[in-house]
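J.: Got a structure for you, questions after.
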Amino acid sequence: MEEQKKPSSLQIESVAASDNKHFKVPVDSEHKATVFWIFSFAAPHMRAFHLSWFSFFCCFVSTFAAPPLLPVIRDNLGLTRTDIGNAGIASVSGAVFARLTMGTACDLVGPRLASASLILLTTPAVYCTSIINSASTYLLARFFTGFSLASFVSCQFWMSSMFSAPKVGSANGVAAGWGNLGGGATQLIMPLVYELIHNAIGSTKFTAWRIAFFVPGLMQTAAGIAVVALGQDLPDGNYQKLEKAGDKHKDSFSKVFYHAVTNHRAWILALTYGYCFGVELTIDNIIAEYFYDRFDVNLRNAGMIAASFGLANIFSRPAGGWFSDLLSKRYGMRGRLWGLWLVQSFGGVLCIILGLMDSLAAAISVMLLFSVFVQASCGLSFGIVPFVSRRSLGLISGMTGGGGNVGAVLTQLIFFQGSRYSTQKGIALMGVMILACTLPTMLIYFPQWGGMLVGPRPNATEEDYYAAEWSQKERDSGCHSASLKFAENSVSERGKRRDPSTTVPVDTTPSHV
Amino acid sequence: MARLLSTQATALLLLIFCVGSSMGSVYFSDLKQNLIVTASPKPGQVLYAGEDKITVTWKLNSSLPASTDAAYKKVKVKLCYAPVSQKDRGWRKTEDNLEKDKTCQFKITTQPYAGSGSFEYTIDRSVPTATYFVRAYVVDASDTELAYGQTTDAKKTTNLFDVVGITGRHASLDIAAGCFSAFSVVALLFFFVVEKRKAKK
């Protein structure tokens with residue numbers, strides 16, 4: 001086999017003699033793509049990307065399909081403000097545990113089956129939203145539909161499995177950003193569909209909104225089927241096939257669980273994510289009403305303002321991921337950590353300012369700037385998550401994602417339920433909480449790369465860190481080979497100064513065993 | 001000199017008044033209850049949207065001087081929410097400023113003012129389940145409210161009736177929801193089975 005001189009971005013053409021795989025994109029030793037060509041559909045990497053972001057987008061559309069139609073739904077079902085608030089909290093709380101379960105499922109059965117199952121099993125909740133008739137059934141419909149937001153975890157896990165370290169931040173950021181876009185798009189799609197059905201077809205108001213719900217339902221069904229039919233777990237194949245061939249070690253839940261919950265970085269990221277993504281979800285639920293009540297804009301304009309907050313995701317979250325990758329090139333993991341802390345803290349400051357704005361134009365401007373920073377923080381967070389663990393990547397992605405939803409639930413309960421705080425005071429206080437809950441980023445420390453305030457330990461290596469998740473016995477039987485490969489490829493997180501060349505040494509070229 | 005000033009002052013005041021009344025909003029508390037309005041539903045009666053009818057009658061309070069209604073041009077009769085249906089629902093809130101008031105959201109009829117009148121209204125299918133009363137505003141040529149009348153008392157507690165709205169549900173929707181849900185789950189199971197078979201090979 002040819003052993004060429006490797007260029008510095010680990011672009012290695014894999015010529016595995018055993019299964020003659022030629023990838024359409026450049027890949028590294030784990031066959032993860034080292035480039036991110038957004039407009040390509042090449043299987044398996046870019047196809048996975050498109051399936052992933054689109055199915056996640058559909059889940060967001062379904063989960064937030066009700067809020068823009070509330071003026072009609074609340075009269076049809078006789079909802080009170082309390083009912084609406086409770087359902088809003090329910091819609092984001094289901095995903096807390098669903099995201100944890102999803103993480104484990106990804107680790108055990110792979111992102112393709114895990115996400116397709118979740119997406120297809122939650123579609124009944126979306127279809128059944130058409131036949132609800134009371135406040136309690138409304139709450140249940142939103143609660144179960146909200147479970148689909150756990151597809152975020154499989155989306156990120158899938159991207160982390162398909163894309164190499166220098167590109168994983170961008171891939172995660174774009175996939176999640178374009179998925180989150182659904183929360184904004186739905187504020188435009190649902191009223192449009194409703195008006196079409198109500199005006200063009202002539203159905204009465206209370207029937208038109210019910211029919212409208214079939215649109216997100218059908219989108220979600222189609223997306224779920226596409227994922228399971230066209231997707232692939234890993235660059236080399238699906239989990240089941242690889243496990244049968246002995247190319248992938250089948251892991252146990254208890255081990256995966258143990259290594260996730262004992263990793264302090266996972267808990268810190270769960271908390272900080274609660275105060276970027278959680279804040280984003282909270283704003284999705286309350287911002288239209290805020291502009292409607294405080295600045296007297298009409299409902300349609302309030303909806304458009306609300307939509308623009310979510311639509312900023314098309315570039316701001318990807319920008320966060322891309323920025324994380326950029327910082328990592330120069331400063332390594334420490335750069336990623338500083339980037340997260342700075343961007344998220346500035347988002348917190350903007351949030352405080354938003355609550356204090358008295359004029360409509362100022363409030364909209366601050367809100368748009370705030371949306372960019374808060375969503376970029378989400379992208380920056382998932383530039384770090386893929387490195388926290390290799391063995392328990394799924395569960396840790398789940399913990400972080402779940403933490404996001406916990407943040408949304410807590411924030412809505414503390415600041416936006418009942419009449420203890422006016423909405424503007426709630427927004428300002430939420431900003432203070434963002435600042436406080438972002439500080440723990442300073443406590444994240446990787447022995448081989450360092451933390452925000454402390455440098456790396458002199459002889460710590462990536463191999464030590466990732467192999468430590470496996471017992472000696474497991475290491476002896478070679479179960480941890482995937483982790484070792486990942487460790488090799490993650491050396492780029494040292495940044496430019498420590499390691500001038502990130503070439504993989506010739507004697508550890510992936511041999512074709 | 002004083003005469004000139006007082007003329008100017010009066011002119012100014014009139015100007016402000018005219019501008020004010022054409023630009024400013026009308027406040028409900030400024031309106032007089034000059035109409036007597038009655039509606040056919042008995043207190044506590046339950047009516048069904050899309051099916052039942054309400055007959056509304058209105059007339060000027062006969063104890064008022066004859067010139068009271070000189071400026072009255074049209075009557076606008078509306079279906080209004082009772083306080084019990086406004087509770088915990090900010091989108092139905094009563095505001096004194098009639099431009100912002102959300103109490104009366106359903107138009108029963110608009111007719112030229114003729115001293116008295118009546119109308120038979122079939123409750124529209126978009127009227128939701130709630131407790132209601134009927135109110136009629138008289139407006140002038142520029143559509144500004146001048147006076148009103150309502151079927152209930154000032155506290156809006158007496159003589160209220162209920163409307164049960166349509167559900168909007170249809171059997172076809174129920175069936176479609178069931179079918180699509182089943183299809184999604186079956187599709188998933190289908191692919192699972194295919195996977196298992198492939199793995200066995």
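J.: Going by the structure shown, is residue B:165 facing another protein chain (nearest Cβ under 9 Å), surrounded by 12 or more Cβ atoms within 10 Å (Cβ to Cβ) and in contact with a Cys (Cβ under 9 Å, 6 or more places away or on another chain)?
T.: Details: facing another protein chain (nearest Cβ under 9 Å): yes; surrounded by 12 or more Cβ atoms within 10 Å (Cβ to Cβ): yes; in contact with a Cys (Cβ under 9 Å, 6 or more places away or on another chain): no.
In short, no.
J.: Can you run down the residue pairs with Cβ atoms below 8 Å, 6 or more apart or on separate chains, where the first is in the range B:155-174 and more than 23 Å from residue B:52 (Cα to Cα) and the partner is buried (at least 17 other Cβ atoms within 10 Å of the Cβ)?
T.: Listed by first residue and then by second, the contacts come to B:173/A:130; B:173/A:131; B:173/A:207; B:173/A:210; B:173/A:211; B:174/A:131.
J.: Still on this structure, I have one more. Return the residue satisfying two criteria in turn: it lies in the range A:106-121 and is of a type in the set (A, V, I, L, M, F, W, C) and buried (at least 24 other Cβ atoms within 10 Å of the Cβ), and of such residues it is farthest from the other protein chains (Cβ to nearest Cβ).
T.: Of the residues in the range A:106-121, the ones of a type in the set (A, V, I, L, M, F, W, C) are A:106, A:108-109, A:113-114, A:116, A:118-121.
Remaining after also requiring buried (at least 24 other Cβ atoms within 10 Å of the Cβ): A:106, A:113-114, A:116, A:118-120.
Details: A:106: 16, A:113: 7, A:114: 12, A:116: 7, A:118: 10, A:119: 9, A:120: 4 Å.
Applying the filter and picking the extreme gives A:106.
J.: Is it the case that some residue within the range B:110-124 is in contact with a Cys (Cβ under 8 Å, 6 or more places away or on another chain), part of a strand (DSSP E or B), open to solvent by less than 30 Å² (accessible area, probe 1.4 Å) and modelled with pLDDT of 90 or more?
T.: As a first pass, look at the range B:110-124 and keep what is in contact with a Cys (Cβ under 8 Å, 6 or more places away or on another chain): none.
No, the conditions are met nowhere in the range B:110-124.
J.: Also: When the residues of the range A:204-221 are narrowed to those that are open to solvent by 20 Å² or more (accessible area, probe 1.4 Å) and without any contact (Cβ under 8 Å) to a residue 12 or more places away in the chain, which ends up farthest from the other protein chains (Cβ to nearest Cβ)?
T.: Of everything passing the filter in the range A:204-221, A:218 is farthest from the other protein chains (Cβ to nearest Cβ).
J.: Please work out if residue A:193 is surrounded by fewer than 23 Cβ atoms within 10 Å (Cβ to Cβ) and away from every other protein chain (no Cβ under 14 Å).
T.: Details: surrounded by fewer than 23 Cβ atoms within 10 Å (Cβ to Cβ): yes; away from every other protein chain (no Cβ under 14 Å): yes.
When the stated conditions are applied, residue A:193 passes them.
J.: Scanning the range B:77-96 for residues that are open to solvent by 40 Å² or more (accessible area, probe 1.4 Å) and farther than 16 Å from residue B:25 by Cβ, which turns out farthest from the other protein chains (Cβ to nearest Cβ)?
T.: B:78
J.: Same structure again: Could we say that residue A:124 is away from chain B (no Cβ under 14 Å) and in a helix (DSSP H, G or I) here?
T.: No.
J.: Do the conditions hold for residue B:99, that is, is it within 14 Å of chain A (Cβ to nearest Cβ) and either within 15 Å of the chain's Cα centre (by Cα) or in a strand (DSSP E or B) (or both)?
T.: yes
J.: Do we find that residue A:75 is within 12 Å of another protein chain (Cβ to nearest Cβ), crowded, with 21+ Cβ neighbours inside 10 Å, part of a helix (DSSP H, G or I) and not hydroxyl-bearing (Ser, Thr, Tyr) in this structure?
T.: The answer is yes for residue A:75.
J.: Let me ask you something else. Taking the range A:133-173, which residues are outside any helix (DSSP H, G or I) and open to solvent by 10 Å² or more (accessible area, probe 1.4 Å)?
T.: A:133, A:134
J.: If you check A:353, A:286, which single one turns out to be within 14 Å of chain B (Cβ to nearest Cβ) and either open to solvent by 10 Å² or more (accessible area, probe 1.4 Å) or at pLDDT 90 or above (or both)?
T.: Criteria check complete, one pass: A:286.
J.: Sort out which residues of the range A:302-349 are open to solvent by less than 10 Å² (accessible area, probe 1.4 Å) and without any contact (Cβ under 8 Å) to a residue 40 or more places away in the chain, and write them in order of number.
T.: Listed by number, the list holds a single entry, A:302.
J.: Please verify whether residue B:156 is within 13 Å of chain A (Cβ to nearest Cβ), over 24 Å from residue A:208 (Cβ atoms), basic (Lys, Arg) and assigned to a loop (DSSP other than H, G, I, E, B), treating the condition exactly as stated.
T.: no
J.: Conditions: (1) surrounded by 17 or more Cβ atoms within 10 Å (Cβ to Cβ); (2) facing chain A (nearest Cβ under 7 Å); (3) not acidic (Asp, Glu). Residue B:170 meets all but one. Number of the miss?
T.: (1)
J.: Counting just the residues of the range A:489-513 that are open to solvent by 60 Å² or more (accessible area, probe 1.4 Å) and of a type in the set (D, E, K, R), which one comes out modelled with the highest pLDDT?
T.: A:496
J.: Sticking with this one: Given the condition among the hydroxyl-bearing types (Ser, Thr, Tyr), within 9 Å of chain A (Cβ to nearest Cβ), without any contact (Cβ under 8 Å) to a residue 40 or more places away in the chain and not in a helix (DSSP H, G or I), answer yes or no: does some residue in the range B:177-184 qualify?
T.: Checking the range B:177-184: not a single residue is among the hydroxyl-bearing types (Ser, Thr, Tyr), within 9 Å of chain A (Cβ to nearest Cβ), without any contact (Cβ under 8 Å) to a residue 40 or more places away in the chain and not in a helix (DSSP H, G or I).
J.: Inside the range A:409-443, can you point out the residues that are touching a residue at least 60 places away in the same chain (Cβ under 8 Å) and not in a helix (DSSP H, G or I)?
T.: Matches in the range A:409-443: A:416, A:417.
J.: For residue B:138, indicate whether it is touching a strand residue (DSSP E or B) at 6+ places or on another chain (Cβ under 6 Å) and surrounded by fewer than 18 Cβ atoms within 10 Å (Cβ to Cβ).
T.: Considered against the rule, which asks whether it is touching a strand residue (DSSP E or B) at 6+ places or on another chain (Cβ under 6 Å) and surrounded by fewer than 18 Cβ atoms within 10 Å (Cβ to Cβ), residue B:138 comes out as no.
J.: Now for a different question. Quick check on the range A:235-251. Is at least one of its residues within 14 Å of chain B (Cβ to nearest Cβ) and among the aromatic types (Phe, Trp, Tyr)?
T.: yes
J.: I've got another one for you. Considering only the range A:292-301, state which residues are touching a residue at least 24 places away in the same chain (Cβ under 8 Å) and outside any helix (DSSP H, G or I).
T.: Once the filter is applied, which keeps residues that are touching a residue at least 24 places away in the same chain (Cβ under 8 Å) and outside any helix (DSSP H, G or I), the range A:292-301 yields only A:297.
J.: Sort through B:148, B:132 and tell me the only one that's more than 9 Å from chain A (Cβ to nearest Cβ), at pLDDT below 95 and touching a helix residue (DSSP H, G or I) at 6+ places or on another chain (Cβ under 9 Å).
T.: On inspection, the qualifying residue turns out to be B:148.
J.: Just the residues that are modelled with pLDDT of 90 or more and surrounded by fewer than 21 Cβ atoms within 10 Å (Cβ to Cβ), please, taken from the range A:29-72.
T.: Result: A:47, A:50, A:54.
J.: Being surrounded by fewer than 20 Cβ atoms within 10 Å (Cβ to Cβ) and either farther than 17 Å from residue A:350 by Cβ or aliphatic (A, V, I, L, M) (or both) is the filter here; which residues of the range A:410-427 pass it?
T.: Correct list: A:410, A:413, A:414, A:417, A:418, A:419, A:420, A:421, A:422.
J.: Further question: So residue A:201 ticks every box in (1) open to solvent by 20 Å² or more (accessible area, probe 1.4 Å); (2) within 11 Å of another protein chain (Cβ to nearest Cβ) but one. Which box is left unticked?
T.: (2)
J.: Test each condition in (1) of a type outside the set (Lys, Arg); (2) on the phi < 0 side of the Ramachandran plot; (3) open to solvent by 30 Å² or more (accessible area, probe 1.4 Å) for residue B:181 and report the one that comes out false.
T.: Among (1) of a type outside the set (Lys, Arg); (2) on the phi < 0 side of the Ramachandran plot; (3) open to solvent by 30 Å² or more (accessible area, probe 1.4 Å), residue B:181 violates only (3).
J.: Now for a separate question. Given the conditions (1) at pLDDT 90 or above; (2) open to solvent by 40 Å² or more (accessible area, probe 1.4 Å), and given that residue A:9 satisfies all but one, which numbered condition is not satisfied?
T.: So the condition that residue A:9 fails would be (1).
J.: One residue is enough: does the range B:187-198 have a residue meeting the conditions of a type outside the set (D, E, K, R), modelled with pLDDT of 95 or more, in contact with a Gly (Cβ under 8 Å, 6 or more places away or on another chain) and open to solvent by 30 Å² or more (accessible area, probe 1.4 Å)?
T.: Checked against the condition, which is being of a type outside the set (D, E, K, R), modelled with pLDDT of 95 or more, in contact with a Gly (Cβ under 8 Å, 6 or more places away or on another chain) and open to solvent by 30 Å² or more (accessible area, probe 1.4 Å), the range B:187-198 yields no hits at all.
The values are calculated or read from the model by the stated rules, or taken from the named source; none is laboratory data. Model, not experiment: these values are computed from the prediction. Backbone-built Cβ (ideal geometry, glycine too); neighbour counts: all protein chains shown. The accessibility values were calculated without ligands, DNA or RNA, using every heavy atom of the protein model including side chains. Shrake-Rupley method; radii C 1.70, N 1.55, O 1.52, S 1.80 Å.
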